[in-house]
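The values are calculated or read from the model by the stated rules, or taken from the named source; none is laboratory data. What you are looking at is a predicted structure, and each value in this text was computed from that prediction instead of being measured. Please note: Cβ atoms are built from the backbone with ideal geometry, for glycine as well, and neighbour counts cover all protein chains shown.
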Amino acid sequence: MMELFSHILHLDFDWLFQNYGTSVYVILFLVIFIETGLVAMPFLPGDSLLFTAGLFARSGYLDMTYLLVLLFTAAVLGDNSNYWIGRKIGLKVFSLNFRGKSLVKKEYLDKTHLFYEKYGTKAIIMARFVPFVRTFAPFAAGVAEMNYKKFFSFDVLGGALWICSLTVAGYLLGEVEFIRKHIDLVCLGIIFVSVLPVIVGIVRGNKK
């Protein structure tokens, strides 16, 4: 299990295909569901995973249509699970500990609340594209008892934009030789661009 987890974090699709074949679909579904659905798992790959999946779909390893539907379903189900965890359990989650350390850092929730205050309901859509915030946004919406119909409608739209934009980008750019040969660098670039808003926010917060 730890070996599988390590290869997922490193986006080693070649290893995954060699060892799991078509079961890769199930693995991708679970990764996206867990990253968006469990407030304690914000470190799993999201943006880079979608891009890489699209690239491998271009290479013929995965069916693009099936992939989009599957990942979209995982993203929506994950967010909704996270919303109801926040709605039903709320701040009790922050009392959970593992080996003396809190499973969930309250500072992440605080930053997500500020994100909501700045961008309003459209934060549900925007949060999809920001690591960590993506995981905590639905939880924060649940804690705040945001109207579920409003949350669901924005979440579905955000999920569709997130899944389609990055996966299709990987699919379309899969023909570019440089990207195929330097997928590790490309994924690092995607991660950097994704976390850039968080870095800027931290720097501005420290200055204030």
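A few notes on this one:
- Boolean, Leu62 is surrounded by 18 or more Cβ atoms within 10 Å (Cβ to Cβ), outside any helix (DSSP H, G or I) and touching an Asp or Glu at 6+ places or on another chain (Cβ under 7 Å): no
- Inter-residue pairs, beta-carbon under 8 Å, first under 18 Å from Ser6 (Cα atoms) and in segment 49-60, second modelled with pLDDT under 85 and among the aromatic types (Phe, Trp, Tyr), 6+ apart: Thr52/Phe13; Ala53/Phe13
- Counting only residues that are on the phi > 0 side of the Ramachandran plot and at pLDDT below 80, segment 2-37 holds 1 of them.
- Helices (runs of 4 or more DSSP H) (entirely within segment 75-194) containing at least 1 residues that are hydrophobic (A, V, I, L, M, F, W, C) and at pLDDT below 70: 106-119, 177-181
Yes/no per residue for (1) touching a residue at least 60 places away in the same chain (Cβ under 8 Å); (2) within 16 Å of the chain's Cα centre (by Cα); (3) farther than 28 Å from Tyr61 by Cβ:
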residue: Ala127; (1), (2), (3): no, yes, yes
residue: Val130; (1), (2), (3): yes, yes, yes
residue: Ala137; (1), (2), (3): no, yes, yes
residue: Ser153; (1), (2), (3): no, no, yes
residue: Tyr171; (1), (2), (3): yes, no, no
residue: Gly174; (1), (2), (3): yes, no, no
